[in-house]
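So the structure is just underneath, and the comments pick up after that.
The values are calculated or read from the model by the stated rules, or taken from the named source; none is laboratory data. Treat the numbers as computed from the prediction; the structure is a model and nothing was measured. Glycine gets a Cβ as well: all are built from the backbone with ideal geometry, and neighbour counts include every protein chain shown. Keep in mind that these areas ignore ligands, DNA and RNA; they rest on the heavy atoms of the full protein, side chains included. Shrake-Rupley method; radii C 1.70, N 1.55, O 1.52, S 1.80 Å.
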Amino acid sequence: MSEVEKLYEGKAKIVYATKDPDILLAYFKDDATAFNAQKRGQIQGKGEVNCQISAWLYQYLGEKGIPTHYIDQPEPTQMRVRAVKIIPLEVVVRNIAAGSLCRQTGLPLGQALTEPLVEFYLKNDELGDPLLTRDRIFALNIVTPGQLDRLKTLALEINQYLQEFFNACGITLVDFKLEFGLDRDQKLLLADEISPDTCRLWNRDESDPQKRVMDKDRFRLDLGQIEAAYQQVLQRVGETFTRQNAN
Ligand code: UDP
């Protein structure tokens, strides 16, 4: 990859230019961060696991009609994607109370929400990714009202499809974060990644609140067995993807 230009290095991925200005190459790293990069470490094999899981989930969502940036996966840790300008919003969808929702509202961990909750956070590490309101989003001129409505509709559709998929894996989709971008024609595409780094995933075979965790909370909360949990998600997502594509 030495001949290609590095455009951007983030906490979990490096993005390279390709000869085609409409196509970028994302390289998934093993580096892991949490709590706004105050906790740092490595999860062995994470780059490959997250790249593969994301590739399967983007293909699955693409087949359902969700527009995504995914093109293909030339190497286990590399994904070719459509070039987009990332919208600086972290779109979080929640089905079950966990994480910052519990900390900020007092809702008990594990409480099922009556309706999926869609939240928008500002993608800005210096400011600690603050929770936004609709009016703050417009005050900051991040998206138009039409685009915001479309983001919410897409986020809820994606939640529906991902819940169905993870249910088939024996996994509960607690919550997850999405990022979107605009391509050259201002078309909205699902971007970034969907992986155990960006979702809370609970093993339905386990009721123990620590044993059931199959996602980055194992790293955030020092629960151990991180690699094994990521591998378990990889295996189940792969089996479900293969089974569904065979039908
Ligand atoms: N999330 C993420 N990146 C972030 C913040 C959150 O991928 O910068 C994901 C996180 O893994 C979880 C969901 O978004 O699946 C909701 O996270 P929450 O707001 O509860 O934040 P946390 O408790 O992790 O601070």
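When the range 189-211 is filtered for residues that are without any contact (Cβ under 8 Å) to a residue 24 or more places away in the chain and more than 9 Å from the ligand (Cβ to nearest atom), the ones remaining, listed by number, are Glu206, Ser207, Asp208, Gln210, Lys211. Scanning the range 95-113 for residues that are open to solvent by 30 Å² or more (accessible area, probe 1.4 Å) and in contact (Cβ under 8 Å) with a residue 12 or more places away in the chain yields a count of 6. Any residue in the range 79-94 that is more than 9 Å from the ligand (Cβ to nearest atom), surrounded by 17 or more Cβ atoms within 10 Å (Cβ to Cβ), over 20 Å from Asp192 (Cβ atoms) and aliphatic (A, V, I, L, M)? The answer is no; no qualifying residue exists. Restricted to helices (runs of 4 or more DSSP H) entirely inside the range 122-231, those with at least 3 residues that are open to solvent by less than 50 Å² (accessible area, probe 1.4 Å) are 145-168, 217-220.
Taken over the range 28-67, the criterion of being under 24 Å from Glu239 (Cα atoms) and of a type in the set (Ser, Thr, Tyr) is satisfied by Ser54, Tyr58, Tyr60. One residue alone among Val143, Val174, Val118 is hydrophobic (A, V, I, L, M, F, W, C) and within 19 Å of His69 (Cβ to Cβ), and that residue is Val143. Checked against (1) open to solvent by 30 Å² or more (accessible area, probe 1.4 Å); (2) within 15 Å of the ligand (Cβ to nearest atom), Gln73 meets all criteria but (2). Scanning the range 5-50 for residues that are closer than 17 Å to Met214 by Cα, small (Gly, Ala, Ser) and touching a strand residue (DSSP E or B) at 6+ places or on another chain (Cβ under 7 Å) yields a count of 2.
When the residues of the range 2-28 are filtered to those that are outside any strand (DSSP E or B) and in contact (Cβ under 8 Å) with a residue 40 or more places away in the chain, the one that is most open to solvent (accessible area, probe 1.4 Å) is Pro21.
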